[in-house]
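Each remark here refers to the structure printed beneath this line.
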Amino acid sequence: MSQILELRDVDAFYGQVHALRGVSLRVEEGEIAALLGSNGAGKSTTLKTISGLVRAKGGSIRFLGEEITRLDPHRIVELGIVHVPEGRRVFGALTVLENLELGGFTKRKDPAFTKRTLERVMHLFPRLNERAKQRAGTLSGGEQQMLAMGRALMSDPKLLMLDEPSMGLAPIIVKEIFKIVRQINAEGIPVLLVEQNAKAALKLAHQGYVLETGQITLQNRADLLSQDEKIVKAYLAN
Ligand code: ATP
């Protein structure tokens, strides 16, 4: 399998706060990798460091064989890493369709591509299709999450990074969202998934990593991690 993303010994700081301490992880072609950990472990910081929003102080980040550690965020998006942040951040005053069209702006030069991708997104998210003219701010939390993911797909990602897509959503909606993540991945898009919902994430993922106070303390195949005693105790017990 070829490698899509590789972090080696990545360090990141917020002022004096050492948020990532030598983080190494990989996402392989066609796979979903889950990054688990409790509040404040550094999961969001890991994604922000990959997308260039937080500068790595040490170590290296390679994407499709290219060193991206010191690139600007807009260059990293252009290379195909698309980050759906925690809290979704859709444009509330714009319609669903306008939000999606904005997502495709890096590909605007190719209208045929945009049209095709829009059809694909609407097919993947029938709820968005039904609500194309509705203002995004009036969507439910689950629908906003779908919109944020749909918008990410509009830019033809080569790696999709999702930060806590299940946050604040009812279990039935979480199921729906995760089913769509599986479908997106089955279409060939690798996914790096940050989740506090470890049980659901490990069911979906191929590989799992556990982050604790900025360090990867466990990594393994997801099916094996979900049987790991330490994981079961810390994250899966309920
Ligand atoms: P959560 O699930 O609560 O978002 P997380 O694992 O994603 O947790 P991060 O948000 O990556 O954790 O935070 C890692 C550490 O960095 C925490 O100690 C947090 O307080 C700190 N941190 C995050 N953002 C900043 C910031 N902008 N300035 C200073 N410290 C920050």
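The values are calculated or read from the model by the stated rules, or taken from the named source; none is laboratory data. No experiment lies behind these values; they were computed from the predicted model shown. Cβ: placed from backbone, ideal geometry, glycine included. Neighbour counts: every protein chain shown.
Things worth noting here:
- Which numbered condition GLY214 fails, given (1) at pLDDT 95 or above; (2) of a type outside the set (A, V, I, L, M); (3) on the phi < 0 side of the Ramachandran plot: (3)
- Failed item in (1) farther than 29 Å from ASP110 by Cα; (2) of a type in the set (A, V, I, L, M, F, W, C); (3) within 16 Å of the ligand (Cβ to nearest atom), with MET161 passing the rest: (1)
- Within the range 43-78, the set of residues being touching a Ser or Thr at 6+ places or on another chain (Cβ under 7 Å) and either small (Gly, Ala, Ser) or farther than 16 Å from LEU5 by Cα (or both) comprises VAL54, ALA56, SER60.
- Selection within the range 189-235 - of a type in the set (Asp, Glu), out of contact with any helix residue (DSSP H, G or I) (no Cβ under 8 Å at 6 or more places or on another chain) and away from the ligand (no atom under 16 Å from the Cβ): ASP228, GLU229
- Selected residue [out of contact with any strand residue (DSSP E or B) (no Cβ under 9 Å at 6 or more places or on another chain) and either crowded, with 17+ Cβ neighbours inside 10 Å or assigned by TED's automatic domain parsing to the domain that holds ALA198 (or both)] from VAL27, VAL23, VAL17, VAL10: VAL17
- Strands (runs of 3 or more DSSP E) lying entirely in the range 1-71 (those with 3 or more residues that are over 14 Å from the mean Cα position of the chain (by Cα) and within 21 Å of LEU162 (Cβ to Cβ)): 3-14, 17-28, 56-63
- The residues of the range 169-197 that are of a type in the set (S, T, N, Q) and over 22 Å from MET122 (Cβ atoms), listed by number, are GLN196, ASN197.
- Long-range neighbours under 8 Å by Cβ, at least six apart or interchain, first residue over 24 Å from ILE189 (Cα atoms) within the range 206-219, second within 11 Å of the ligand (Cβ to nearest atom) and of a type in the set (S, T, N, Q): GLU212/SER38; GLY214/THR45
- Filter pass, ARG120 being under 30 Å from LYS199 (Cβ atoms), more than 16 Å from the ligand (Cβ to nearest atom), touching a residue at least 24 places away in the same chain (Cβ under 8 Å) and among the charged types (D, E, K, R): yes
- Residue that is farthest from GLY58 (Cα to Cα) [pool: residues in the range 166-218 that are of a type in the set (A, V, I, L, M) and part of a loop (DSSP other than H, G, I, E, B)]: ALA170
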